[in-house]
Amino acid sequence: MKIAVFGASGRTGSLVVEEVLKRGHRAVAVTRTALKLPTNNLLENRVGDVTSASFDSKAIEGCDKIISCIGQRRRSPLSKSSSPNDILSSVMRAVVGAIGSGSSRQVVYLSAFGVGEDLKKHSIIFRAVLKLFSIGDAYKDHAEAEILLKSSGVSWTIVRPVGLVEKGNGQPAVDLGNQWSSFDTVSFEAVAQLLVDCVEDPGTVGKTMTIGKRS
């Protein structure tokens, strides 16, 4: 299987590329700037404007699946983003435009927990943080990207991880359903593994999952 990974230079995206290769698939790292990649005949880097449907069409050429780990660049969760406020939805609009309606190529989108209709499930404190800090813009952009993907006519899976942390205890990420809180965490590595699970499992198509570790 050949899998395109958007946002491959980021913390989660780089781990997704590693996981794709570990499982014997071919990986296309799609980035805005060139990466220093290890020599691997299963790996290539396609560089360009990821908000352009024309570029994305060339970037995903020959790919069976697409995983989007695009994120807003910021120094910390509460700091101002250095990316455009609509970068997530802009990339999604270009990706689905490049794929075309009715395509069997699955797009797995890395979103965030409590996006869209789930926002009301967050604690009052968390909702206040979203209202007062620029991370709220990312939530709005994720919500718009999800709408674009769901209405595009392509095969999709949406993954909403709880709070991301560097180190876990080795537990895999699982679908928590509605059993999550604003203060749950899961490791980047576990999320990367689950994203690759999604492209390998056709049963995830059409599903929106809030993922984390079982307590």
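Laboratory data are not the source of any read-out in this text; all were calculated from the coordinates shown. Predicted model, so just to flag it, every value in this text is computed and none were measured. All Cβ positions, even for glycine, are placed from backbone atoms using ideal geometry, and neighbour counts span all protein chains on display.
Have a look at the DSSP beta bridges in region 89-215 and tell me what percent are antiparallel, nearest 5.
Antiparallel bridges make up about 15 percent of those DSSP assigns within region 89-215.
Just name one of Val159, Ala173, Val191: the one whose Cα is farthest towards the positive end of the charge dipole of region 149-215 (beta-carbon charges, Lys/Arg +1, Asp/Glu -1).
Val159
Report the one residue of Ile60, Leu21, Ala138 whose Cα lies farthest in the direction of the positive end of the charge dipole of the chain (charges on C-beta: Lys and Arg +1, Asp and Glu -1; origin at the Cα centre).
Of the candidates, Ala138 comes out farthest on the positive side.
Using the Karplus curve 6.51 cos²θ - 1.76 cosθ + 1.60 with θ = phi - 60°, what ³J(HN,Hα) values do you get for each residue of region 140-152, in whole Hz, with x for Gly and Pro?
For region 140-152, the Karplus-derived couplings read 5, 5, 4, 4, 5, 5, 4, 4, 4, 5, 5, 8, 7 Hz, x marking Gly and Pro.
So what's the Cα pair-distance distribution over region 123-165, bin width 5 Å, in %?
5, 18, 21, 24, 15, 10, 5, 1
Rg over Rh of the chain, using C-alpha atoms and the Kirkwood radius, what does it come to?
My calculation puts Rg/Rh at 0.94.
Per the Cauchy relation, a quarter of the hull surface: what is the mean projected area of the convex hull of the alpha carbons in region 55-162, in nm²?
Projected over every direction and averaged, the Cα hull of region 55-162 covers 6.8 nm².
Considering only DSSP beta bridges with both partners in region 2-212, what is the antiparallel share in %, to the nearest 5?
Among the beta bridges of region 2-212, antiparallel pairing accounts for roughly 5 percent.
Taking Lys121 as the anchor, which lysines have their alpha carbon closer than 22 Å to its alpha carbon, excluding any fewer than eight residues away along the same chain?
Lys131, Lys140, Lys150, Lys207, Lys213
Would you work out the charge dipole size for the chain about its Cα centre, treating the Cβ of every Lys and Arg as +1 and the Cβ of every Asp and Glu as -1, and quote it to the nearest 20 debye?
Magnitude of the dipole: close to 420 debye.
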